[in-house]
Number of protein chains: 2
Amino acid sequence: MTRIPFDEMQSTIAKAFRNAGMPAEKAQICARVHTESSRDGVYSHGLNRVERFVEYLHKGWVDPNAEPTLHANLGAMEIYNGNMGAGILNALFAMNRATEMAKANGLGLVSLNNTTHWMRGGAYGWLAAEKGYIGICWTNTESCMPAWGAKSGGIGNNPFIMAVPRKEGHVVLDMAMSQYSYGKLQVTRLKEQKLPYPGGFDNNGVLTDDPGAIEESRRILPMGYWKGSGFAILLDIISSLLSGGLTTAGIDKYDKGSCGSCCQVFIAVDPLKFNTLEFVDHAINETIQQIKNSVPAKENTEIYYPGEQSLRTRKENMELGIPVDAGIWEKVIQLAKQ
Amino acid sequence: MTRIPFDEMQSTIAKAFRNAGMPAEKAQICARVHTESSRDGVYSHGLNRVERFVEYLHKGWVDPNAEPTLHANLGAMEIYNGNMGAGILNALFAMNRATEMAKANGLGLVSLNNTTHWMRGGAYGWLAAEKGYIGICWTNTESCMPAWGAKSGGIGNNPFIMAVPRKEGHVVLDMAMSQYSYGKLQVTRLKEQKLPYPGGFDNNGVLTDDPGAIEESRRILPMGYWKGSGFAILLDIISSLLSGGLTTAGIDKYDKGSCGSCCQVFIAVDPLKFNTLEFVDHAINETIQQIKNSVPAKENTEIYYPGEQSLRTRKENMELGIPVDAGIWEKVIQLAKQ
């Protein structure tokens, strides 16, 4: 397995982005977030997504120079136009702004319309937690999943993130509304394996754990069946209403790539505005302790809290280098050449 | 099937609550919400929950006279002590207060600590939507589900609600974190049926659709496996940190019935503070239209948006009367006798 040191990966990606027309500082920040995603094990939205992002820059689907502009200010809530800038930059701006508002008043909500793919949603949860804030955020997407009861796509997989700051390791949930991503289906199929649990319906409408059958039918399963379907619908509508931007149906019509002109919502709360640090630490740690004290389903296995495995992968990848697919890494190196 | 008119059910339940020591006005409001839950088809938390609520009043686990008191005011965020009052009354107060704050500033967040079971969480989503607001709310609960990877209970099923106002019928998601409730398992077992999809693990650790096997193992399944488990953990921690109240682990230790001294979070947003009514209607209706236009998984079936089936049940039950289990109805009549 090829492993690349963090700094080498970041500087290579940054060069690729500069070559595609991005100003140096913006390229550096986007490259950092892509690299951090790979570092934490979210390879699909880290290094592996660089080529597609460069393609979007070339097509003009992402404006490399854009900055978000204020659309409305309601005190505890601010709405920004993302101006089709890089989704990562807009999302970092929005969560940072939400934490500033939370610092002042306990609570801040920032929404974005007309933004682009934020890559790994968890990045903005980790950001809030790293700064000491509770973070909640979500995005809508183009349609990629059938609603419950349907066999053709109509809803987004609308990732939803919740994060809580903790000294010994933040607690971070980062989940899309589909049980598995198409990326996971592909990886599993290439390994000639089955999914751990059924991940969709085959062309005969039968639930299946065969990734290839689901890739063929495009009938990927919402997590929790009707629950994930309903959750995706509400996340979509609310992100649109909170930002004045496009719904999933609107993104489909706009048709400028994955998440082209999507909407996002960022909420930050300062838990120390009305709690002591002792209370906060106790609440989080007794919850983790209760989970850790449960009887494992399989002997000699561990029960993880959300975010714990990301942190382990992070440590390993910082020590040993970030594992890459040699072919993908070579492509990014080519994009980075002057 | 026995069917009872709305008004008769409400006044009977109100008498039962008055007999258990609740002031008349409070009893009337709680009875209305229980009746509305049964009217909308959520029988488990409507009429069927009256006897247990009366028991909690008798045990002193719910204070029939309590009013919420302000604990902290941060502008767009207010924190109240529920003082162990009736969960329904506290939750109505909190969502109403959040909508008032949203009316003033676009956004309001109200949290409750030290409150009690709110019965049907959807009630507060419907309330916000009925008043024209986007509503989001959730509660934590005592532990009733194993975390992912565990075979003993350690996390709550922490219902989560999102609601959006719509002239032709609000869009309302009301979901617990378990794939099925224990109530659903019981009902399915009594009918000698299987669950539509696996709902938990049996004593051998095998996923099963046999409700009795899950009731025995107590290994009910989080929706979406690891996803619902992680979501439940974050909802729990955040509700505690946003209100200064007990986590699931704390509720377990407190041990005053289901949801005794739990925490709840209520968020309301006025979508018309920064959008036109045309925009709001269009965003919601194009989303519903896109779902309705999908190809149904089974011929001649309909694809529903979240809340649509509740509304149909509501209409039917208002026309024909609310269906009741004759034995349960008789018990409530006895509780209502002077």
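Assorted remarks:
- Inter-chain Cβ neighbour average for residues A:70-82, partner chain, 10 Å: 4
- Dipole axis of chain A (+1 Lys, Arg; -1 Asp, Glu on Cβ), positive-most option in A:268, A:237, A:11: A:11
- Residue among B:36, B:168, B:67 with the largest mean-square fluctuation in a Gaussian network model of chain B, springs linking Cα atoms under 10 Å: B:168
- Gaussian network model of chain B, Cα within-10 Å springs - most flexible of B:124, B:197, B:254: B:197
- Inter-chain Cβ neighbour average for residues A:53-66, partner chain, 10 Å: 0
- ³J(HN,Hα), Karplus 6.51/-1.76/1.60, whole Hz, each residue of region A:79-86, x for Gly, Pro: 10, 10, 8, x, 6, 6, x, 4
- In summary, the lysines within cross-link reach of residue A:184, defined as a Cα separation below 20 angstrom excluding same-chain residues under 8 places away, comprise A:194, B:227.
- Rounded to the nearest Hz, the phi-derived 3J(HN,Hα) couplings of region A:28-45 under the Karplus curve 6.51 cos²θ - 1.76 cosθ + 1.60 (θ = phi - 60°) are 5, 5, 4, 5, 4, 5, 4, 5, 4, 5, 5, 4, 8, x, 8, 4, 4, 10, where x marks glycine and proline.
- Among B:246, B:92, B:70, residue whose mean-square fluctuation peaks in a GNM of chain B (springs only between Cα atoms under 10 Å): B:70
- Evaluated over the Cα positions of region B:1-97, the convex hull gives a direction-averaged projected area, one quarter of its surface, of 6.7 nm².
- Considering helices alone, the calculated mean residue ellipticity of chain B at 222 nm is -14000 deg cm²/dmol, with DSSP H runs of length four and up weighted by -39500 (n - 2.57) and normalised per residue.
- For residue B:256, the lysines whose Cα falls under 18 Å of its own Cα, not counting residues fewer than eight places away in the same chain, are B:59.
- Number of partner chain Cβ atoms within 10 Å, mean per residue of A:275-287: 5
- Relative to its residue count, the protein assembly as shown spans a Cα convex hull of 149 Å³ per residue.
- The lysines within cross-link reach of residue B:298, meaning a Cα-to-Cα straight distance under 17 Å and a gap of 8 or more places when in the same chain, are A:151.
- Basic side chains Lys and Arg get +1 at the Cβ, acidic Asp and Glu get -1 at the Cβ, and with that the dipole of the protein assembly as shown about its Cα centre reaches some 20 debye.
Here, each number is a calculation from the coordinates, and none is a lab measurement. Small disclaimer: the values here were computed from a predicted structure and weren't measured. Note: ideal-geometry Cβ built from the backbone for every residue, glycine included; neighbour counts use all protein chains shown.
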